[in-house]
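Okay, structure first, notes after.
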Amino acid sequence: MSDCLFCNIVARTIPTPLVYEDDLVVAFDDINPQAPIHTLVIPKAHVASMAELHNSDAELPGRLMLVGSKIAKLKEIADSGYRVVVNTGSHGGQSVFHLHLHVLGGRHLAWPPG
Ligand code: 5GP
Ligand code: ZN
């Protein structure tokens, strides 16, 4: 998907320092952080959103969560706590249509979200 921003980050066409990489996912810091720690974990393969996950993607959600947990340890927010968010579609506030998991922490996060 050459017109997808996050596919271009995976392809290194848009150079972005990676926090983590494995065979299925990469992670990088959000360009407009909403908390002291704000990292995105995304699949290397293009999946538009959580609504577009299929049975054949079964391994992927677990990997995204596992890497989110690794990132929290790496960024030293695992003990203080953090939030994982997957904005989906219009009401979910999704702006980039390549599936991504936000890992947010480093401050107290209010609930409920806006
Ligand atoms: P969404 O609103 O779709 O849940 O989240 C998209 C996120 O991608 C936003 O938090 C936004 O700041 C981030 N973002 C958009 N463009 C870029 C970019 O070019 N580089 C990085 N690192 N993050 C981006
Ligand atoms: Zn993409």
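Quick notes
- THR13, THR39, ranked by accessible area, largest first (probe 1.4 Å): THR13, THR39
- Residue of ALA51, ALA27, ALA72 that the Gaussian network model of the chain assigns the largest fluctuation, springs spanning Cα pairs under 10 Å: ALA51
- Spin-label pair LEU53-ASN8: with each label point 7 Å from Cα along the Cα-Cβ axis, the two points sit 2.7 nm from one another.
- Cross-link partners of LYS44 among aspartates and glutamates (Cα-Cα below 18 Å; sequence separation of 8 or more within a chain): ASP3, GLU21, ASP22, ASP23, ASP29, ASP30, GLU52, ASP57, GLU59
- Dipole size of the range 5-105 about its Cα centre, with +1 on Lys/Arg Cβ and -1 on Asp/Glu Cβ: approximately 100 debye, rounded to the nearest 20.
- Calculated log₁₀ intensity ratio I(q)/I(0) where the Debye formula runs over C-alpha points of the chain, q = 0.12, 0.18, 0.20, 0.21 Å⁻¹: -0.40, -0.93, -1.15, -1.26
- The chain - mean residue ellipticity at 222 nm from DSSP helices (-39,500 (n - 2.57) per run, n ≥ 4, rounded to 500): -6500 deg cm²/dmol
The values are calculated or read from the model by the stated rules, or taken from the named source; none is laboratory data. Note that the structure is a prediction, hence the values are computed from the model and not measured. Cβ atoms come from the backbone with ideal geometry, glycine included; neighbour counts cover every protein chain shown. SASA here: full protein model, heavy atoms, side chains in, ligands and nucleic acids out. Shrake-Rupley method; radii C 1.70, N 1.55, O 1.52, S 1.80 Å.
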